[in-house]
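Q: Please read through the structure below; I'll follow up with questions.
The values are calculated or read from the model by the stated rules, or taken from the named source; none is laboratory data. Not measured: the values here are computed from a predicted model. Cβ coordinates were reconstructed from backbone atoms using ideal geometry, including for glycine residues, and neighbour counts include every protein chain displayed.
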Amino acid sequence: MARIVVTTFGSSGDINPFIALALGLRARGHDIVFAVEDGFRGVVERAGFPVAHLTGDALSAMNEQSLDLLRDSNPFRSVHALVRDYIVPTTRARIEDLRVACADADLLVSSAFQIAAAFIHDLTGIPLVTVTLSPVTIPSAQVNPAPQQLGLPAALDPLVNKITWGVGLTLMSAFFDPPINRIRAEYQLPPLRQWMYTGKRHWSPRTALAVSSALFPPPPDLPETVGVTGFLYWDTPDTWREPPELTSLFADGAPVVAVSTGSMSANLGDNFADFYQTSITSLQRVGARALILGAAPGSLPDPLPDGALALPYAPFSAVYPRCAAVIHHGGIGTTAQGLRAGTPALVAPWGVDQFYAGAQLEKIGVGRWIQRKRYTVERATHLLDDLLREERYHMRAREIAAQIAREDGVGALCDLLEDALARQRAGRRVVLNRMATRGPAGSEIDAGTDGADE
């Protein structure tokens with residue numbers, strides 16, 4: 001079997017899918033090593049995997065930038081801040097860390113924004129497969145990475161999407177290709193163009209979009225190198241036990257609506273206080289109970305009103321199937337859990353790809369979305385009343401959940417990775433066979449197998 005290095009960074013939504021993948025690969029007999037920042041070391045080691053050090057602290061950097069994201073509804077500016085202030089400055093150190101981690105590796109599996117992985121692929125020849133968790137890294141006329149609720153006719157969507165991508169690609173390339181290419185020049189590597197976008201990456205021969213086709217039906221302009229595999233689910237550590245107050249909340253009989261704003265919000269103080277207060281008040285008006293997950297200290301009313309419960313953590317997979325609806329920020333991991341549970345959603349995005357997720361949930365008929373700056377008690381109450389009382393959302397959510405239940409995202413991605421390994425080994429055998437017939441003065445060289453069939 002193979003030694004596979006897995007590398008990613010970000011928040012819980014960025015590590016949990018890769019743990020799911022690693023568990024699937026390990027079940028098939030592969031040896032898995034994670035190259036991640038120290039902030040992820042604990043959760044990875046508790047899942048049973050060794051960890052190689054990766055420079056950086058993305059959670060702290062993203063927390064600092066999140067305050068700017070909360071004040072600005074433009075997703076391109078969100079990505080701009082992340083790349084400019086964190087990804088580019090840490091790339092050199094990450095290259096050297098990954099070079100050490102990948103010694104003797106057969107395959108490198110990298111998240112979409114781990115640009116250092118491209119350097120390792122080019123410098124060492126180790127095959128690379130990129131895993132992207134969001135469709136907004138793949139330019140397509142069927143994807144609008146920055147929806148703005150302009151109320152335009154649906155027939156104009158492809159044109160609007162093309163314009164949005166054209167502007168975004170131009171701006172992002174102008175901002176970020178030069179600094180990355182300066183680093184590539186230091187390593188005597190050729191420049192890359194539009195390196196941020198999966199469909200444009202010449203350095204990653206295979207890419208997996210780990211998203212269900214229920215959320216993202218593969219468009220006709222999807223690059224041939226991209227395979228849509230399905231969601232990767234993992235969010236329940238072995239140490240978690242359901243607290244009695246959570247059991248009591250669901251036993252009460254009134255509808256329960258889960259409320260969360262992403263794992264990073266727990267470190268943002270009272271910046272979501274208005275969001276939580278608005279959600280609680282709106283849920284009271286529609287006769288539902290509020291289950292608030294992961295709120296930062298000081299961001300909730302004290303005391304909480306009757307019918308509201310706050311917990312620092314509970315796995316979405318354990319609570320969403322029992323909820324009448326969910327209110328969340330549109331993170332792709334949260335979105336995936338809601339779809340699998342068959343639970344309608346109200347989305348109030350605040351950064352990066354969350355706008356796409358909210359708009360797409362509304363498009364496929366399982367939710368509503370609203371710009372965070374427009375998230376008032378009156379609007380939220382209206383949208384929640386619609387979600388809870390209109391059966392069409394629940395019927396559609398159940399249909400989507402049934403489709404996802406038939407998918408095997410981890411299995412499909414494991415198949416893709418094993419295919420990449422087989423192609424690499426087949427390529428090595430071809431090269432070695434050619435070496436055997438092209439010795440000096442026509443002599444035959446015994447090249448052996450070089451481990452290709454082991």
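Q: For region 299-363, which strands (runs of 3 or more DSSP E) that fit wholly inside it have 1 or more residues that are in contact with a Phe, Trp or Tyr (Cβ under 8 Å, 6 or more places away or on another chain) and not polar (S, T, N, Q)?
A: Because the criterion is at least 1 residues that are in contact with a Phe, Trp or Tyr (Cβ under 8 Å, 6 or more places away or on another chain) and not polar (S, T, N, Q), the strands (runs of 3 or more DSSP E) in region 299-363 that meet it are 325-328, 345-347.
Q: Name the pairs whose Cβ atoms lie under 9 Å apart, with the first residue in region 285-306 and not assigned by TED's automatic domain parsing to the domain that holds Leu388, the second surrounded by 14 or more Cβ atoms within 10 Å (Cβ to Cβ) and assigned to a loop (DSSP other than H, G, I, E, B), and 6 or more positions between them or separate chains?
A: Within 9 Å, no pair qualifies.
Q: Out of Phe119, Phe113, I need the residue that is surrounded by 20 or more Cβ atoms within 10 Å (Cβ to Cβ), of a type in the set (Phe, Trp, Tyr) and either assigned to a helix (DSSP H, G or I) or in contact with a His (Cβ under 6 Å, 6 or more places away or on another chain) (or both). Which one?
A: Exactly one of Phe119, Phe113 is surrounded by 20 or more Cβ atoms within 10 Å (Cβ to Cβ), of a type in the set (Phe, Trp, Tyr) and either assigned to a helix (DSSP H, G or I) or in contact with a His (Cβ under 6 Å, 6 or more places away or on another chain) (or both), namely Phe119.
Q: Checking Asp57 against (1) surrounded by fewer than 19 Cβ atoms within 10 Å (Cβ to Cβ); (2) touching a strand residue (DSSP E or B) at 6+ places or on another chain (Cβ under 7 Å); (3) modelled with pLDDT under 95; (4) not hydroxyl-bearing (Ser, Thr, Tyr): exactly one of these is not met. Which one?
A: (2)
Q: If a residue has to be under 20 Å from Ile87 (Cα atoms) and of a type in the set (Val, Ile, Thr) to count, how many in region 1-57 make the cut?
A: Residues in region 1-57 being under 20 Å from Ile87 (Cα atoms) and of a type in the set (Val, Ile, Thr): 7 in total.
Q: Hey, another quick one. Could you please give the count of residues in region 1-46 that are within 18 Å of Pro315 (Cα to Cα), in contact with a Ser or Thr (Cβ under 9 Å, 6 or more places away or on another chain) and in contact (Cβ under 8 Å) with a residue 40 or more places away in the chain?
A: 8
Q: Exactly one of these conditions fails for Gln194: (1) surrounded by 13 or more Cβ atoms within 10 Å (Cβ to Cβ); (2) more than 21 Å from the chain's Cα centre (by Cα); (3) assigned by TED's automatic domain parsing to the domain that holds Val44. Give me its number.
A: Just one mismatch for Gln194, condition (2).
Q: Checking Ala258 against (1) assigned to a loop (DSSP other than H, G, I, E, B); (2) modelled with pLDDT of 95 or more; (3) touching a His at 6+ places or on another chain (Cβ under 8 Å), only one condition comes out false. Which one?
A: For Ala258, the exception is condition (1).
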